[in-house]
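The values are calculated or read from the model by the stated rules, or taken from the named source; none is laboratory data. What you see is a predicted model, and the numbers here were worked out from it, not measured in a lab. FYI the Cβ positions are ideal-geometry reconstructions off the backbone, even for glycines, and counts take in every protein chain you see.
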């Protein structure tokens, strides 16, 4: 691969649903659009390595979900799946995007599944990164920040200290990926300490919203007919072998592939393999 480390995204902000929502834009508008959706407690810059690899042929929109990155926090603590869907819908409409590819990790994958279920005419391809339509039963009994390999709230003296801490969670990830994620995932608080940008309320079980449907994604995915790729990590505690098989069985056109030497954060731990798998999927399904 040609060195693309010089490539930088444009930073964009939209006011939608009463929230200031930030996203990164890579590549040229008019090229096939890819929309990247990160997982819980992460941020749009987590996809920088992938975006540099695909920006020459694609128009990439990497979102900071509400409460994450440089997007606004919800004063009401509204971090419900349907709300994330509404934000995604608003951004796609505001940017005038058609025939998109959705690539989602964890929470972002759940949002992508729901959007694709409700708007099949918009989504051309779907890539799910280590997330099925449900979770293993045993996952509720564990520290979710460890299961999903995301850092719990805390403060640091420097970005380097934060990168070292994050590196101990993501032991398989290349050092430069950890350092870049840490730099973009931190802000300085009033005491001059570095803290994660995400809303500390994130990570708990979302509470139901009055008047908003609770979605059963196992039912939703049965309606998805576009070509889909599910990548799951060898060491993942989020996608079990049973869930991976069920996804392949119950979706109309779902390719299920395991990424070795990776956990839930497989796109950070195995960036070359992740990019190659996505590129192969595009080629297999005739995406230009």
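Please go through (1) outside any loop (DSSP other than H, G, I, E, B); (2) in contact with a helix residue (DSSP H, G or I) (Cβ under 8 Å, 6 or more places away or on another chain) for residue 12 and return the number of the only condition it doesn't satisfy.
Failed condition: (2).
Given the conditions (1) part of a loop (DSSP other than H, G, I, E, B); (2) farther than 27 Å from residue 86 by Cα, report the number of the one that residue 256 does not fulfil.
Only one criterion in (1) part of a loop (DSSP other than H, G, I, E, B); (2) farther than 27 Å from residue 86 by Cα is unmet by residue 256, namely (1).
When the residues of the stretch 87-107 are narrowed to those that are farther than 14 Å from residue 20 by Cα and part of a helix (DSSP H, G or I), which ends up nearest to the chain's Cα centre (by Cα)?
The qualifying residue nearest to the chain's Cα centre (by Cα) is 107.
Might you let me know whether the stretch 235-253 holds any residue that is in a strand (DSSP E or B) and at pLDDT 95 or above?
no
Give the residue that is nearest to residue 276 (Cα to Cα), with candidates limited to residues of the stretch 75-91 that are touching a helix residue (DSSP H, G or I) at 6+ places or on another chain (Cβ under 8 Å) and at pLDDT 95 or above.
88
Here is a check on your reading of the model: is residue 25 assigned to a loop (DSSP other than H, G, I, E, B) and on the phi < 0 side of the Ramachandran plot?
Taking the combined requirement at face value, the residue does not satisfy it.
Examine the stretch 35-53 for a residue that is touching a helix residue (DSSP H, G or I) at 6+ places or on another chain (Cβ under 6 Å), surrounded by 20 or more Cβ atoms within 10 Å (Cβ to Cβ), in a strand (DSSP E or B) and modelled with pLDDT of 95 or more, and state whether such a residue exists.
So far as the stretch 35-53 goes, yes, one or more of its residues are touching a helix residue (DSSP H, G or I) at 6+ places or on another chain (Cβ under 6 Å), surrounded by 20 or more Cβ atoms within 10 Å (Cβ to Cβ), in a strand (DSSP E or B) and modelled with pLDDT of 95 or more.
Restricting attention to the stretch 66-86, which residues are part of a loop (DSSP other than H, G, I, E, B) and more than 14 Å from residue 11 (Cα to Cα)?
66, 67, 68, 72, 73, 74, 75, 76, 77, 78, 79, 80
I'd like the full set of residues that are part of a loop (DSSP other than H, G, I, E, B), over 16 Å from residue 266 (Cβ atoms) and in contact with a strand residue (DSSP E or B) (Cβ under 8 Å, 6 or more places away or on another chain), limited to the stretch 221-234.
224, 226, 227 - these are the residues of the stretch 221-234 that are part of a loop (DSSP other than H, G, I, E, B), over 16 Å from residue 266 (Cβ atoms) and in contact with a strand residue (DSSP E or B) (Cβ under 8 Å, 6 or more places away or on another chain).
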